[in-house]
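Each value in this text was obtained by applying a stated rule to the coordinates, not by laboratory testing. This is a predicted model, so every value here is computed, not measured. Reconstructed Cβ throughout: ideal geometry from the backbone, glycine too, with neighbour counts over all protein chains shown.
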Amino acid sequence: MTDQMLRAIDAGLNDGLVIPYLGPGVLALAGEDCPQPSSPTALHNYLAALPVLPLVVHDWYDDLPQKALAVRSSWSVWGMAQGVSKADRFGHRVQYLQADGKSARAIAPNLAKTWATLLYQPLGSVAPVAEIDNQTPIPELVQSLRTGRHFLFLGCRFTRERDQAFARQIMQRSSATHWAVLPEAPTRNELRFLAEQNIKRLDLSLTDFVAALAEARSEEKIQLLLACW
């Protein structure tokens with residue numbers, strides 16, 4: 001079953017049909033000696049290198065995803081939608097930022113639709129504007145991009161009501177099947193949530209999951225080269 005799910009996830013990521021949803025647990029990939037990593041992890045770099053990546057949801061405060069995406073600037077335009085404090089933004093609960101950090105809120109409805117990748121950070125981020133929000137309504141562009149797609153939860157737990165509520169909200173009108181890499185034994189509450197939302201659990205560590213994806217990518221490249229001979 002795990003091999004089948006990995007193949008489905010790999011194919012979906014390559015086709016842009018799977019939306020990575022990154023939680024705070026992703027930082028553990030940097031190792032115990034680096035609890036606050038300043039460089040992107042192997043997972044961030046893997047995702048940034050995907051040929052098609054319409055949407056990434058980053059449910060934490062660090063800026064590692066945008067650092068990984070920065071290498072794409074020359075060949076794939078991308079930008080960010082970040083949650084911000086309502087008090088600081090005169091009623092606006094999300095702001096759009098171009099890859100260089102320049103605010104694009106005023107022209108977001110047109111500009112953001114042209115981006116090859118949208119990095120959605122509902123909690124805000126430490127960069128580029130260092131604003132933090134508890135939660136923000138899901139932007140219309142994110143609602144559009146999620147339609148019919150699958151979510152892949154990485155570094156997430158669903159033990160808190162807030163985590164379940166936001167995941168449930170963002171999955172609305174998406175595909176009926178999703179996945180979560182969850183090596184820890186789920187609680188009964190989590191098991192109910194996974195069953196309710198049809199989220200298939202992969203009993204793998206994030207390290208093993210990233211290694212499996214990298215191996216699958218290498219095999220695909222070999223098959224492609226053989227086909228060209």
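Each Lys or Arg adds one and each Asp or Glu takes one away; over the other residues whose Cβ falls under 12 Å from the Cβ of MET171, this sums to +3.
Here each label is just a point 7 Å from Cα along the line to Cβ, and for SER38 and ALA127 those points are 1.0 nm apart.
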